[in-house]
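Just so it is clear, none of the values below were taken in a lab; they were calculated from the coordinates. Note that the structure is a prediction, hence the values are computed from the model and not measured. Virtual Cβ from ideal backbone geometry, glycine too; neighbours counted across all protein chains shown.
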Amino acid sequence: MKAKAVKGNWSLRTNKLSFPYVFLVCIFFFLAGFFGFTLFSHSQGDGDGLRPRQRLLDSTNEAEYNLMPVGELGDDSITSIPFQVLSWRPRAVYFPNFATAEQCESIIDVAKDGLKPSTLALRQGETEDNTKGIRTSSGVFVSASEDKTRTLDVIEEKIARATMIPRSHGEAFNILRYEVNQRYNSHYDAFNPAEYGPQKSQRMASFLLYLTDVEEGGETMFPFENGLNMDGNYGYEDCIGLKVKPRQGDGLLFYSLLTNGTIDPVSIVHLFS
Ligand SMILES: *[C@@H]1O[C@H](CO)[C@@H](O)[C@H](O)[C@H]1NC(C)=O
């Protein structure tokens, strides 16, 4: 990992050794109303999430564009956020240099005192004991408003812009640390009601922001990309399929739901250190 000014026990360096941590921040977006089509129906009072704050974002040279007149909640400038489509099955989009190194380090700083072993949502018949080892990272939930440095506020706003999913539909950030050999075995970020019981809302998408570089490993993996490896022989710990290597400041958005609101079978995801 290459994280510059991280202090104390988190003394990650810029030289090329094998580094012990992958840090990432994850935000889930939910769809209100289970399997509904109410993506953009939100309650009153979330105007904060809609108010443009383009001064916090990179804006390109406006002289190059003929700006359109905007609605009350539109922007009077052009925002440029580069992205690369990694796959259509699952829908996965990569955002290089989504955050600066300073922003990443600031987020690590916010998280580092609160890290606790990550937990799992349990299915019927599962207990903490018989699911031990499935998810071994440590992490902490932090909402944008709890971050006094306002870094998460800026990041959340930018994610909302990039995805056009209102901030009010995001859960708190989960800031995670994966040490060597830690992982989160293959899982869906959405909750299948057949396994987890009725859900009030559903997670539609996840956005990961990598806070550190890694020398080796640390991939986020989509083993069923484009329908591959779905013949039933896939072991939930295998390292196959589309792999995304963490690079500090880069973002990854993927959708766990299809456009008709049902869980996308190929959106199963696996995180490694
Ligand atoms: C949703 O779309 C998928 C893929 O096209 C399809 O297999 C599935 O049956 C659809 N589900 C519903 C409830 O429409």
List the residues of region 242-268 whose backbone N lies under 16 Å from a point placed 7 Å from the Cα of residue 226 along the Cα-to-Cβ direction. 242-244, 266-267
Computed label-point distance, nm, for sites residue 238 and residue 134 using a 7 Å Cα→Cβ extension: 2.0
Given H placed 1.01 Å from N in the peptide plane, which residues other than close sequence neighbours of residue 173 have an amide H under 5 Å from its amide H? 142, 143, 144
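Where a ≥ b ≥ c are the square roots of the eigenvalues of the C-alpha gyration tensor, would you call region 217-273 rounded, which needs a/c under 1.5, or, failing that, prolate if a/b is larger than b/c, or oblate?
Numbers: a/c = 2.64, a/b = 1.17, b/c = 2.25.
Taking the square roots of the gyration eigenvalues as a ≥ b ≥ c, region 217-273 is oblate.
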Can you tell me the Rg and Dmax of region 122-176, counting just the alpha carbons, in angstroms? 15.3, 42
A correct fewest-to-most ranking of 266, 93 by other Cβ atoms within 10 Å would be 93, 266
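Treat the count of other C-beta atoms within 10 Å as a stand-in for reagent exposure and order 142, 269 from fewest to most.
Lowest to highest Cβ neighbour count: 142, 269.
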Whole number please: convex hull volume per residue of the Cα set in region 127-241, in Å³? 165
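For each of 169, 187, count neighbouring Cβ atoms within 10 Å of the residue's Cβ, then give the residues from fewest to most. Show your work: numbers first, answer last.
Numbers: 169 24, 187 17.
Placing the least packed residue first, the sequence is 187, 169.
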